[in-house]
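Input: a single structure, listed below in structure tokens.
The values are calculated or read from the model by the stated rules, or taken from the named source; none is laboratory data. Predicted model only: the values in this text are computed from it and were never measured. Cβ atoms come from the backbone with ideal geometry, glycine included; neighbour counts cover every protein chain shown. Protein only, heavy atoms only, side chains kept; ligands, DNA and RNA dropped before computing areas. Shrake-Rupley method; radii C 1.70, N 1.55, O 1.52, S 1.80 Å.
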Amino acid sequence: SWLPSAYLFYNLLYLVALFWAIHCRESIDAVQICAVINGFSFFFDLMGIISYFPSHGIFSAVFAILNLVIRPFSLLLLQRELSDRGGSFDFGGYDGTGGVGERPTSYEDIDAPHQQTPSHGQVNVNLFK
């Protein structure tokens, strides 16, 4: 009862995301979301323990600190599971080359004009200009 109710909320949210990642064996998104919640929860736990450390009821504080200590190891396990499923922690899709839209996709923009070049010896005559 010494921690705010947000502590219970984000830990329950983490458990739901963890069960979702366990249930959906092929989903990369489930593991990514679970890892993000776990990473943010580490800092929220740290701030909660520092701000609201109890003067009595040390038993719950010990388990909150134990939960804080275990979080980095669970994040490493989630990272391993994510790499086993073929994903990565690349959330934005930015590949580091500096360009927008340089990642190859199966989408073809049919509205974009395509330049056609004539091949050797053939004349390309476009009647409808």
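Computed quantities for the displayed model
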| quantity | calculated |
| --- | --- |
| The range 48-59: number of residues that are surrounded by 13 or more Cβ atoms within 10 Å (Cβ to Cβ) and part of a helix (DSSP H, G or I) | 3 |
| Residue count, the range 4-17 (criterion: part of a helix (DSSP H, G or I), open to solvent by 50 Å² or more (accessible area, probe 1.4 Å) and touching a residue at least 12 places away in the same chain (Cβ under 8 Å)) | 2 |
